[in-house]
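Below is one structure; the comments refer to it alone.
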Amino acid sequence: MTNSVNLSAHPFSGDTKISHRHPHLQNIGSHLRRSKRLLLSSQAWRIRLAFWGGTILVGLVCVLFAKLAELANHAFLQLAAFNPYLPLLLTPCGILGIVWLTFRYFPGAQGSGIPQTLAALQSHQKTTLLSWRIAIGKVLLTLLGLLAGGSIGRQGPSIHIGAAIMYSMRRLTRLPASCPYQHWIMAGSAAGMAAAFNTPMAGMVFVIEEMRRSSQYPIHSSIMIAVVLAGIAAISITGHYDYFGVLSDNPPPDWRIWSIAPVVGVIGGLLGGLFAQTLIKTTQVITPIATHAPLRSAFVGGWVLAIIAFLSDYSANGTGYLEAQAIIANTAEFDPWYPINKALATAASFLTGIPGGIFAPSLATGVGLGADLAYWWPVAPSSAMILLGMAAYFTGVVQSPLTAVVIVIEITAEYDMALPLLATAAIAYGVSRLVCPQPIYHSLAQTFINNKS
């Protein structure tokens, strides 16, 4: 019979001689054989092991980085408590030394690290921006920056470190060109973000929302695998925790929270956008000067930072984690100047060019902004105002509203506030775009590429 199918030609038999009247059987057989080759291929397993090992390494490094960052921040605060005048000398001299080390031994490690990672996706400077040397330098110099009193975070550097480790693992294992480097860079970025905050969802959302703006390469399932493995590695050491703690007294959203959300969104988006635009424009002005006289610029910036820190009684230094946690827990004395001091100290630290991010300091500034709004305009519960202020200001700075909302939810475990946070972040994003048309990280990445070209 012409329509009969020989049992020996069944796709599960491994015989490729299938009747042309059943092409779907031939496709199934081809797919199964291809899957079997991928499962048993030594090259495929070499790629898998390198990828899995790299993401686990990212998680372990970022957790160690977090522990050391806490110690460095604590050491500076202890020194300032011992003698509040010592940082006036330590901070500018320390910043000067860090900038010298960066230019001398770790060029490409300066700043947040996210612009460099974005630049690596867009340019041919991958080996100079993403390497073992850069990863080591980023950790070392960021710790020194915290020890010197910089108002910097470790989350942006963790993203850079993750991308550098994963790209270096790809080069180390000599993988074929068919194994795209974009997968490895974006997976490393997501793993670094997830391990830095203990926020796996934020790691994935950040890559989808932020990194994809600079790359037309499709998002791959490898990013999810990277986040899971890095998260497991991190939690195996630190255990599960909420970065800023849990708000036990925050009521479910009601009309008061919904009524204040648009106002907080406008204020936070405007202030965050102005902060970002100020950094962008000032960087464009300072970069040529700093290129010719980097040490002089670093010393002046360090001196300005020291003055701001001294006037704030050193609450403006560091990542802002301790201060924000105290405000959220309602154990801190009210300081209406805290968000202003924190924003100024963060800007001064950023403009010196030392390695360090603005993620955590921006969240801390947003916490202070929310606390100020709750004090001067007590329309809604203060805990809710703080959450909305954090999401609004952070969105205004980085212009990644989904990332902002997911981060705030994951670091406070406030899942009931998801919808008000989304509404606030959406408004803040629109307002921020009015005063800062281009997202800060992408603008800085383009400046970085132009200066290197």
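The values are calculated or read from the model by the stated rules, or taken from the named source; none is laboratory data. Worth saying up front: this structure is predicted, and the values here are computed from it rather than measured. Note that each Cβ is placed from the backbone with ideal geometry, even for glycine, and that neighbours are counted across all protein chains shown.
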For this session: All but one of (1) touching a Pro at 6+ places or on another chain (Cβ under 9 Å); (2) within 24 Å of Gly145 (Cβ to Cβ) hold for Ser362, so report the exception by its number.
Result: (1)
For this session: Name the single residue, out of those in segment 246-271 being more than 20 Å from Thr395 (Cβ to Cβ) and either assigned to a helix (DSSP H, G or I) or of a type in the set (A, V, I, L, M) (or both), that is modelled with the highest pLDDT.
Result: Arg256
For this session: Exactly one condition in (1) among the aliphatic types (A, V, I, L, M); (2) crowded, with 23+ Cβ neighbours inside 10 Å; (3) not in a helix (DSSP H, G or I) is not met by Val367; state its number.
Result: (3)
Exercise. Which one of the conditions (1) under 26 Å from Arg48 (Cβ atoms); (2) outside any helix (DSSP H, G or I) does Trp184 fail to meet, given that it meets all the rest?
Worked result: (2)
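Among the residues of segment 427-441, which ones are crowded, with 19+ Cβ neighbours inside 10 Å and either assigned to a helix (DSSP H, G or I) or polar (S, T, N, Q) (or both)?
So the first thing to find is which residues in segment 427-441 are crowded, with 19+ Cβ neighbours inside 10 Å, and the list is 427-429, 431-432, 436, 439-441.
Result: Ile427, Ala428, Tyr429, Val431, Ser432, Ile440, Tyr441.
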Exercise. Do the conditions hold for Ile280, that is, is it at pLDDT below 95, more than 22 Å from Trp100 (Cβ to Cβ), out of contact with any Pro (no Cβ under 9 Å at 6 or more places or on another chain) and assigned to a helix (DSSP H, G or I)?
Worked result: yes
Problem set entry | Complete set of residues in segment 135-173 that are crowded, with 23+ Cβ neighbours inside 10 Å and either on the phi > 0 side of the Ramachandran plot or not in a helix (DSSP H, G or I) (or both) | Ala148, Gly149, Gly150, Ser151, Ile152, Gly153, Arg154
Problem set entry | Unmet criterion (only one of (1) without any contact (Cβ under 8 Å) to a residue 24 or more places away in the chain; (2) in contact with a Ser or Thr (Cβ under 6 Å, 6 or more places away or on another chain)) for Ala50 | (1)
Problem set entry | Checklist (1) surrounded by 23 or more Cβ atoms within 10 Å (Cβ to Cβ); (2) in a helix (DSSP H, G or I); (3) out of contact with any Gly (no Cβ under 6 Å at 6 or more places or on another chain) applied to Ala380, failing item | (2)
Seminar exercise, completed: Taking segment 104-132 and keeping only residues that are surrounded by fewer than 16 Cβ atoms within 10 Å (Cβ to Cβ), closer than 25 Å to Ser297 by Cα and not hydroxyl-bearing (Ser, Thr, Tyr), one is left with Arg104, Pro107
